[in-house]
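S.K.: Below you'll find the structure I mean.
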Amino acid sequence: MKEDTIIRENPGKKKIISFLTGRGVITTLSSDKLGKSYIIDRESVLIGRDPSCDICIDDPLISKVHSRFTVEEDKIFRIEDLGSTNGTFLNKKKLSKPSQLHYSDRIVLGGTIFRFFIEEALDKTM
């Protein structure tokens with residue numbers, strides 16, 4: 001599914017255009033795990049410390065089952081806290097209900113910081 005144009009490179013020259021393709025990505029911004037990325041490509045993805053979670057994060061401040069990412073049919077991504085001890089924060093606000101994610105949102109679980117992105121692909125037809 002092609003949506004809004006995201007990247008334009010080389011102004012005045014041939015343009016390389018990138019389009020959102022639909023899979024969610026969270027990238028770790030915390031120094032000890034910097035750059036580690038996880039794909040959100042199913043209807044429901046659990047994140048927590050427990051090895052049974054889809055995304056297992058080794059952080060003592062993250063609950064065993066901390067949060068859930070969900071993806072709706074129209075590629076709307078949501079995050080919800082699952083009663084975690086230390087809460088889930090979206091752009092510095094503690095979540096009290098499922099909330100929609102937007103490109104570049106900041107997510108904090110325990111002592112780990114993530115950035116949310118949507119996978120992009122280059123349109124090479126330009």
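S.K.: Taking SER31 and the conditions (1) at pLDDT below 95; (2) under 25 Å from GLU120 (Cβ atoms); (3) not aromatic (Phe, Trp, Tyr), which numbered condition does it fall short on, given that it satisfies the others?
M.R.: Failing condition for SER31: (2).
S.K.: Identify the single condition in (1) modelled with pLDDT of 95 or more; (2) closer than 18 Å to ILE40 by Cβ; (3) part of a loop (DSSP other than H, G, I, E, B); (4) open to solvent by 30 Å² or more (accessible area, probe 1.4 Å) that TYR103 does not satisfy, given that it satisfies every other one.
M.R.: (1)
S.K.: Residues ARG8, ARG42, ARG23: which one is of a type in the set (Lys, Arg) and either farther than 18 Å from ILE118 by Cα or at pLDDT below 50 (or both)?
M.R.: Answer to the selection: ARG8.
Here's the yes/no breakdown for (1) assigned to a loop (DSSP other than H, G, I, E, B); (2) in contact with a Leu (Cβ under 8 Å, 6 or more places away or on another chain); (3) among the hydrophobic types (A, V, I, L, M, F, W, C); (4) loosely packed, with under 15 Cβ neighbours inside 10 Å:
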{"position": "ARG23", "(1), (2), (3), (4)": "no, no, no, no"}
{"position": "ASP32", "(1), (2), (3), (4)": "no, no, no, yes"}
{"position": "ASP50", "(1), (2), (3), (4)": "yes, no, no, yes"}
{"position": "ASP59", "(1), (2), (3), (4)": "yes, yes, no, no"}
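S.K.: Of all residues in the stretch 41-89 being without any contact (Cβ under 8 Å) to a residue 40 or more places away in the chain and among the β-branched types (Val, Ile, Thr), which is nearest to GLY111 (Cα to Cα)?
M.R.: Within the stretch 41-89, the match that is nearest to GLY111 (Cα to Cα) is THR88.
S.K.: From the list PHE77, PHE89, which one is of a type in the set (A, V, I, L, M, F, W, C), open to solvent by less than 70 Å² (accessible area, probe 1.4 Å) and within 16 Å of THR28 (Cα to Cα)?
M.R.: After applying the criteria, what remains is PHE89.
S.K.: Here's something else I'd like to know. Tell me yes or no: at least one residue of the stretch 50-67 is modelled with pLDDT of 75 or more and of a type in the set (Lys, Arg).
M.R.: yes
S.K.: Name the single residue that is farthest from SER37 (Cα to Cα) among those in the stretch 61-71 being open to solvent by less than 10 Å² (accessible area, probe 1.4 Å) and part of a strand (DSSP E or B).
M.R.: Here the residue is SER67.
The values are calculated or read from the model by the stated rules, or taken from the named source; none is laboratory data. No experiment lies behind these values; they were computed from the predicted model shown. All Cβ positions, even for glycine, are placed from backbone atoms using ideal geometry, and neighbour counts span all protein chains on display. The accessibility values were calculated without ligands, DNA or RNA, using every heavy atom of the protein model including side chains. Shrake-Rupley method; radii C 1.70, N 1.55, O 1.52, S 1.80 Å.
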